[in-house]
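One structure is given below, encoded as structure tokens.
The values are calculated or read from the model by the stated rules, or taken from the named source; none is laboratory data. Bear in mind the structure is a predicted one, so any value in this text is a computation, not a measurement. Backbone-built Cβ (ideal geometry, glycine too); neighbour counts: all protein chains shown. Please note that ligands, DNA and RNA were not included when accessible areas were found on the heavy atoms of the full protein model with its side chains. Shrake-Rupley method; radii C 1.70, N 1.55, O 1.52, S 1.80 Å.
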Amino acid sequence: ADKKNQADGIACLAAAAALAVSDIPFGGPVSEVRVGRVNGRFIINPTVDELEGNDLDLIVAGTKADIMMV
């Protein structure tokens with residue numbers, strides 16, 4: 001992580017990639033996105049600085065077809 005962007009989105013993608021290339025049965029791929037609302041404006045994958053003073057910090061994860069986690 002570069003201390004500017006949160007690492008959880010990269011971690012989810014890395015875990016999904018590792019499962020996809022393994023022999024473990026996996027219904028992926030999956031990915032996630034962070035949504036922040038700063039000054040009434042929605043921001044996709046906001047930086048750590050943009051999240052300061054925000055009023056929404058939400059992570060949504062899923063597949064192409066389904067939302068798996070909010």
Which value, in Å to one decimal place, does the Kirkwood hydrodynamic radius take for the chain when every pair of different Cα atoms is included?
-> 13.2
Modelled label-to-label distance, THR47 and SER31, 7 Å Cα→beta-carbon offset: nm?
-> 2.2
Of all accessible heavy-atom area on the chain, the percent that carbon and sulfur account for (1.4 Å) | 59
Average accessible area per residue (Å²) across the chain - probe 1.4 Å, nucleic acids and ligands excluded = 73
Tell me, what is the FRET efficiency for SER22 and ASP2 to the nearest 0.05, using R0 = 22 angstrom and their Cβ-Cβ distance as r?
-> 0.20
Using a Gaussian network model of the chain whose springs link C-alpha atoms within less than 10 Å, name the residue from ILE43, ILE59, ILE24 with the highest mean-square fluctuation.
-> ILE24
For the chain, build the charge dipole from Cβ charges (+1 Lys, Arg; -1 Asp, Glu) around the Cα centre, then report which of LEU13, ILE24, ILE44 sits farthest towards its positive end.
-> ILE44
